[in-house]
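S.K.: Quick one: structure below, then a few questions.
The values are calculated or read from the model by the stated rules, or taken from the named source; none is laboratory data. These numbers come from a predicted model, not from an experiment. So basically every Cβ, Gly included, is an ideal-geometry build from the backbone, and we count neighbours across all protein chains shown.
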Amino acid sequence: MSLLPVAEAQARLLNSATPLHRIESVPLDMAEGRVLAKDLAARLTQPPFDASAMDGYALRFEDAATPGSELQLIGASAAGHAFEGTLGKGETVRIFTGAPVPAGVDSVLLQEDAERLEGDRIRTTYALRKGQHIRPRGQDFIEGEVVLPVGTVMDFSRLTVAAGMNHPALDVYRRPLVAILATGDELVVPGSLPGPSQIIASNTFGIAALARSAGAHVLDLGIVPDNSDEITAAIGRAQVAKADIIVTLGGASVGDHDLVQATLIAAGMQLDFWRIAMRPGKPLMVGSLGETHVLGLPGNPVSSLVCGVLFLEPLIRKLASLPPVKRESVARAAIPFAANDQRQDYVRATLTKAADGDWLAKPFSKQDSSMMKIFSRADCLVVRPVHAPALEAGSPTQVILLRPDLLG
């Protein structure tokens, strides 16, 4: 089987995915990052009354059209404690921010624009503009108004308005469930004392974190040895849990000890493709098991994480109705790059600011796909397309940001 170009592999994977659109209700304080499954309309009008926008004096414009006007103070209106009367000619009420505007009032004079006199009177010291500093009823939203449409991703500002519209819970799309299965006789859990031929299983934790940050729930199926029966049993647990994606880590090739692909096919998986023209990550496997997407990631930690960024994250976000993460950017090469071969290369690199403000991508000297330390220090992946010519220092180059907020 020939190697599949990365762009074609990504397109085939995402074209096979349909947003799940399963709905659940969650409390408002658990709705951050969730996607609205229904239009969200206001349950009340805000503000529910004409309200003062400032601390000052509520009055009639005609009584204070010019500085030096004197008015009689007859009461006060505070938030939660409205003045119940109606203002007459030459009268004013002390008013505070957010308080209801009394009947008969059409303007609010700032407190610093008035002079207190004896006998509960004030004198205006500044010109008044009719209607100033009054927030009219319904200025923000009115009852029944759709403020947040279906598909809105809830963040801090949208949660605030949802609460203001008197919604204690929201109907949102359920998160996709990603079941992660690590395979290999050599793997033991962190905290263990590895035997002579064993290594610590690390991929699960990075891939699980990536899946959660992409908008998924995670089911850890644990570590399974290179045994078809045990792999089959783990797949069955994922199916019972109704996983939307099964992610396998390692064992997707076709060597004597690589049993995952054959076991999945025996369980009914339809293999779409495997073997991608990329470095690291060539032995990527994509298929489906009924309605469940299957993504077989390489066993090498860096290969697994690179494929997770390029394939798993966008798949999860499409299923979750979330917009793609904007990881693509452009930087300048800090050093020359050699010409590339028949596989698209993803080179781990750091980013630093040049004197002119441009970002410079400097690759690490070592790029082995098992080296987790280097990946943890990388800011980006420099993309070197298939058969790309040599790149001179200072030339622009495409990068995939590993920390999308780095460039601001």
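S.K.: Can you name the number of the only condition in (1) loosely packed, with under 14 Cβ neighbours inside 10 Å; (2) in contact with a Leu (Cβ under 8 Å, 6 or more places away or on another chain) that I23 fails?
M.R.: Result: I23 fails condition (2) only.
S.K.: Among strands (runs of 3 or more DSSP E) lying entirely in the range 309-408, which contain 2 or more residues that are within 22 Å of the chain's Cα centre (by Cα)?
M.R.: Because the criterion is at least 2 residues that are within 22 Å of the chain's Cα centre (by Cα), the strands (runs of 3 or more DSSP E) in the range 309-408 that meet it are 328-333, 380-384, 396-401.
S.K.: While we're on this one: Mind listing just one residue for me: the one in the range 391-408 that is within 15 Å of A339 (Cα to Cα) and of a type in the set (A, V, I, L, M) and, of those, surrounded by the fewest Cβ atoms within 10 Å (Cβ to Cβ)?
M.R.: A393
S.K.: Looking only at the range 119-134, count how many residues are surrounded by 12 or more Cβ atoms within 10 Å (Cβ to Cβ) and over 22 Å from S107 (Cα atoms).
M.R.: 0
S.K.: For residues that are out of contact with any strand residue (DSSP E or B) (no Cβ under 8 Å at 6 or more places or on another chain) and either within 14 Å of V6 (Cα to Cα) or not small (G, A, S) (or both), tally how many sit in the range 258-297.
M.R.: 3
S.K.: Has the range 225-238 got at least one residue that is of a type outside the set (G, A, S) and either under 30 Å from N340 (Cα atoms) or under 26 Å from the mean Cα position of the chain (by Cα) (or both)?
M.R.: No, because not a single residue in the range 225-238 is of a type outside the set (G, A, S) and either under 30 Å from N340 (Cα atoms) or under 26 Å from the mean Cα position of the chain (by Cα) (or both).
S.K.: Across the range 223-234, what is the number of residues that are more than 12 Å from G184 (Cβ to Cβ) and surrounded by 15 or more Cβ atoms within 10 Å (Cβ to Cβ)?
M.R.: Residues flagged as more than 12 Å from G184 (Cβ to Cβ) and surrounded by 15 or more Cβ atoms within 10 Å (Cβ to Cβ) within the range 223-234 amount to 2.
S.K.: Here's something else I'd like to know. In this structure, does D244 turn out to be acidic (D, E), in contact with a helix residue (DSSP H, G or I) (Cβ under 8 Å, 6 or more places away or on another chain) and either surrounded by 20 or more Cβ atoms within 10 Å (Cβ to Cβ) or free of Cβ contacts under 8 Å to residues at least 40 places away in the same chain (or both)?
M.R.: yes
S.K.: Related question: Given the conditions (1) modelled with pLDDT of 95 or more; (2) at negative phi, and given that G138 satisfies all but one, which numbered condition is not satisfied?
M.R.: Going through (1) modelled with pLDDT of 95 or more; (2) at negative phi one by one, G138 breaks only (2).
S.K.: Hey, among A17, A11, which residue is surrounded by 15 or more Cβ atoms within 10 Å (Cβ to Cβ) and either under 25 Å from the mean Cα position of the chain (by Cα) or of a type in the set (A, V, I, L, M) (or both)?
M.R.: Exactly one of A17, A11 is surrounded by 15 or more Cβ atoms within 10 Å (Cβ to Cβ) and either under 25 Å from the mean Cα position of the chain (by Cα) or of a type in the set (A, V, I, L, M) (or both), namely A17.
S.K.: Just need a number here: residues in the range 83-97 that are buried (at least 16 other Cβ atoms within 10 Å of the Cβ) and over 19 Å from D113 (Cβ atoms).
M.R.: Total meeting the criteria: 1.
S.K.: Return the pair list, or none, for Cβ contacts closer than 6 Å from residues in the range 110-137 that are without any contact (Cβ under 8 Å) to a residue 40 or more places away in the chain to residues that are part of a loop (DSSP other than H, G, I, E, B), at least 6 apart or on different chains.
M.R.: Listed pairs, sorted by first residue: E115/T125.
Every residue, every condition in (1) out of contact with any Gly (no Cβ under 7 Å at 6 or more places or on another chain); (2) surrounded by fewer than 12 Cβ atoms within 10 Å (Cβ to Cβ); (3) of a type outside the set (V, I, T), yes or no:
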residue	(1), (2), (3)
E328	yes, no, yes
I335	yes, no, no
D345	yes, no, yes
G357	yes, yes, yes
I374	yes, no, no
V386	yes, no, no
P389	yes, yes, yes
